[in-house]
Structures are given as C-alpha cells and as structure tokens.
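Step one of this worksheet: look at the structure below.
The values are calculated or read from the model by the stated rules, or taken from the named source; none is laboratory data. Bear in mind that the values here come from a model prediction, so they are computed numbers and not experimental data. Positions of Cβ are generated from backbone atoms using ideal geometry, with glycine treated the same way; all protein chains shown enter the neighbour counts. These accessible areas exclude ligands, DNA and RNA; they are computed on the full protein's heavy atoms, side chains included. Shrake-Rupley method; radii C 1.70, N 1.55, O 1.52, S 1.80 Å.
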Amino acid sequence: MRKILILLAVALVGLTAAAQNRGNGGRNRNGDPRQGMQRMAEQMAKEMKLTGDTKEWFIPLYVEYRDTLMATQRAERVDDKVLEGMADADVTALIEQSLQKDDAATALKREYLAKFRTRLTEKQVYRVMVGGMRPRGGEQRQRGNNSDSESGDFPGGFPGGFPGGGPGGGGPDF
C-alpha cells in the first residue's frame, strides 16, 4: 500500500511538470533570450510611461540594441590553466581583442544613443543607456551611511556580509 502511494505521488509530480511544460510551449521557464529582452523592454517602456507610437517604436529598438550589444560584448574566457600555458604574444592578442570589443561596444552605444534621443527625454535616455530598470518596489537601493548602523546594509556595518567592508567600514568597498 505504501509503495502504491509513493508511486502515485511521483506520477502526480511528473504530470504536473509535464502540464507546466506544455503550458509554455515546451520551453523551459526562461525561454528564448530575445523573449526575455522583449519582456524587459516592455517593462522599461511601462516604467518610463511610454505610450502609443513611442512605445511601439521603443520596444523593438531596445531589443535590437540589447541583442547587438550582447553580441558585441561576448568575450571568450580563458581558463587559468590554459592561460598559464600561453605565450605572452597570445595573451597580448587576447587583451587587444578585449579592448577592441570594448571600443565596438562604445561605438554601438553612441549609435543607439542618437537613435534613442530622437524620441525620448534625456532622463529616459539615461535610464535606457545607464540606469537600467528600477529594483522592484520602485526604490533605488542605496549603500553607504545608514543611521541605524555604522555603515552599509546590515547592522554592525558590513554590507553584503563582509565584516568591515563598504564605505567607512575599513574594508574593501564592494
């Protein structure tokens, strides 16, 4: 009897997972990265109170911008063990490639900056180019002086759980 109950519970869990998977088209929770960018663009448009034509113009442009920027910034990571076996000239080439990607990303940002400025306010442009989305709850998280503690986010003055860290805490400022 006990084995039957366990089997039924396992089967029920399996059916629930299968039903959830069918509900999202068979994709995992995260889906296509472009869909994630689409949702992010829609949320940003909502937070910036864009409507009508401006919203319809902004969302695909922002998705294109983020997708292109991510493609530009993808860097090959070299394992430490592999790096140790590389010649200095090869390491120098990797550094140069990284700097070239940084230059390409900066040029791309300037290109899209001009596009965003055609229909957005400077504050909205800042949010798109620098500020990103606000944390949930609409408040910007602030570090630093906290009247309830010596410094940082936690009582005792250590932001992020690092004793003595943070502004005025005597440790590294993360």
Sorted by accessible surface (1.4 Å probe, heavy atoms of the protein chains only), largest first, Met37, Met70 come out as Met70, Met37
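Near Gln73, within a Cβ-to-Cβ distance under 10 Å, what is the net charge of the other residues, with Lys and Arg +1 and Asp and Glu -1? List each step's numbers first, then the result.
On the way: positive: Arg74, Lys101; negative: Asp102.
For residues surrounding Gln73, the net value is +1.
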Computed over the stretch 65-124, protein heavy atoms only, probe 1.4 angstrom, the accessible area per residue in square angstrom equals 77 Å²
Measure off, as a whole percent, the carbon and sulfur share of the 1.4 Å-probe accessible area of the stretch 48-119, all protein chains present. 49 percent
Once Val130, Val125 are ranked on solvent-accessible area with the largest value leading and a 1.4 Å probe, the list reads Val130, Val125
Put Thr54, Thr118 in order of accessible area, largest first, probe 1.4 Å, and you get Thr118, Thr54
